[in-house]
1. Sequence-distant or interchain residues sharing an amide H contact under 5 Å with residue 170, placed H: which?
2. In debye, nearest 20: dipole of segment 131-217 around its Cα centre with unit charges on the Cβ of K, R (+) and D, E (-)?
3. Using all Cα-Cα distances in segment 75-179, what percent lands in each 5 angstrom bin from 0 up to the longest?
4. What are the ³J(HN,Hα) couplings of segment 73-81, residue after residue, when phi is run through the Karplus curve with 6.51, -1.76, 1.60 and θ = phi - 60°? Round to Hz, x for glycine and proline.
5. First measure r as the distance between the Cβ atoms of residue 261 and residue 12, then evaluate 1/(1 + (r/R0)^6) with R0 = 35 Å and state the FRET efficiency to the nearest 0.05.
6. Can you give the extra length, in nm with one decimal, that the chain gains between residue 185 and residue 226 once fully stretched, where that is 0.36 nm per residue apart less the Cα-Cα distance?
7. Place a +1 charge on the Cβ of each Lys and Arg in the chain and a -1 charge on the Cβ of each Asp and Glu, then give the dipole magnitude about the Cα centre in debye, rounded to the nearest 20.
8. Provide the per-residue ³J(HN,Hα) series for segment 45-55, in order, calculated from phi with Karplus coefficients 6.51, -1.76, 1.60 and θ = phi - 60°, each as a whole number of Hz, with x at glycine and proline positions.
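Read the figures in this text as sums done on the coordinates, not as results from a lab. Just so it is clear, the model here is predicted, and its values are computed rather than measured. Neighbour counts are summed over all protein chains in view; Cβ atoms, including those assigned to glycine, are modelled from backbone coordinates with ideal geometry.
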Amino acid sequence: MISFWHWHTEPALIIGLLAAAWLYGMAIGPGRPFLATGVAFPRKELFAFSIGLVVFYLAVGSPLDAIGENYLFSAHMLQHLIFMYISAPLLIYALPAWLIDGVLRRSCWLLAAFRFIVHPVVAGFIFTFTFSVWHFPAFYEAALHSKRIHMFEHLTMFFTSVLMFWPILSRSELAPRRHYGAVLIYLFALMVVQIPLFGILTFSTDVLYPTYEFAPRLIPALEPLQDQVLGGLIMKVGNMVVSLIIFGWVFLQWNADQERSTRTPNTALRPRTVMALGQLR
C-alpha cells in the first residue's frame with residue numbers, strides 16, 4: 001500500500017525545479033539591468049514564484065502523486081487541478097512586465113510567435129485539446145505506466161495552462177491581457193468546450209481506465225466507478241470555482257474603470273484602453 005512518507009526525489013524533478021529557480025533568480029537579479037533599467041527588485045513576484053514552485057512540487061512530488069498514479073483517479077484529478085489552476089497563475093504573476101517584455105523585445109520573430117500562441121483562440125484551443133487528449137484511455141494508461149510519459153503529460157498540461165491563463169492575467173505590455181469583455185467571453189467559451197469531457201467522466205457507466213478498476217481499494221467504500229465520478233466532479237467544480245472567481249474579479253475591475261472614466265469624462269483615452277480596443281478588432 002501507499003506510504004505517506006514517500007516523497008519523490010527523482011533527479012529529473014529536482015534538477016528541473018532547481019533549474020527553473022536558478023533561471024528566474026538570474027533574470028530578476030544579475031539579468032535585471034540587461035532587461036530593464038531603473039526597476040526595483042520584484043519581491044512580491046519572487047514570493048509568488050516561490051509559492052508556485054512549492055505548490056507544483058507538492059502536486060507532483062508528494063504522496064498525492066503515487067496515490068493518483070496507482071490507486072485513485074480522483075486523486076490524480078486533484079493533482080492536475082493544483083498545478084494547473086494554482087501553480088500556473090502564480091507563475092504568470094511572478095513575471096513582471098519588464099522581464100517578459102525585455103525578452104520579447106530582443107526578437108521580432110519571438111514576439112510574433114508568442115503573441116500568436118497566447119491569442120485567446122489559439123491558447124484556449126491548445127489547452128483544451130491537450131487536456132482532452134491526455135484523458136483518452138490509451139494515452140492516460142500509457143502515462144500511468146511510464147514515468148517519462150507521465151512527466152511529459154504533466155509538463156504539457158502545466159505549460160498549456162500558462163498559455164490559457166495568459167490572456168486573463170498577463171502583466172506584459174507587448175502581449176497584454178485582453179479587455180474585460182473579451183476575457184468574460186473567453187472564460188465562458190472555455191467552460192462550455194470542456195463540458196463534454198467532464199460529462200463523459202461523470203456520467204459514464206463504465207470504468208474508463210483499467211488501472212483504477214483493478215487497483216487495490218485505498219478507500220474500501222469508494223468503488224472504481226464512484227472514484228471516476230468523483231474525479232470528474234473535482235475537475236469540473238474546480239474549474240467552475242476558479243472561473244467564477246475570475247468572473248467576479250473582472251467585473252469589479254471593469255466597474256472600477258468605468259467609474260474612473262465617468263469622473264474624468266474629458267480625459268483622453270488612456271494608452272491601455274486604446275490597446276485593449278485595438279485587440280478586439
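1. Long-range HN contacts for residue 170: 177.
2. Values: 6 positive and 5 negative charges, 65 e Å.
With Lys and Arg at +1 and Asp and Glu at -1, about 320 debye.
3. Calculated over all Cα pairs of segment 75-179, the distribution is 2, 13, 20, 22, 17, 12, 9, 5, 1 percent.
4. Coupling constants for segment 73-81: 4, 4, 5, 5, 5, 5, 4, 4, 4 Hz.
5. Numbers: r = 51 Å, r/R0 = 1.45.
It comes to 0.10.
6. Values: separation 41, 0.36 × 41 = 14.76 nm, distance 3.33 nm.
Full extension of this stretch gives 11.4 nm more.
7. On the way: 18 positive and 14 negative charges, 290 e Å.
So the dipole magnitude of the chain works out to roughly 1400 debye.
8. Each residue's phi maps through the Karplus curve to give 5, 4, 4, 4, 5, 5, 5, x, 5, 5, 4 Hz.
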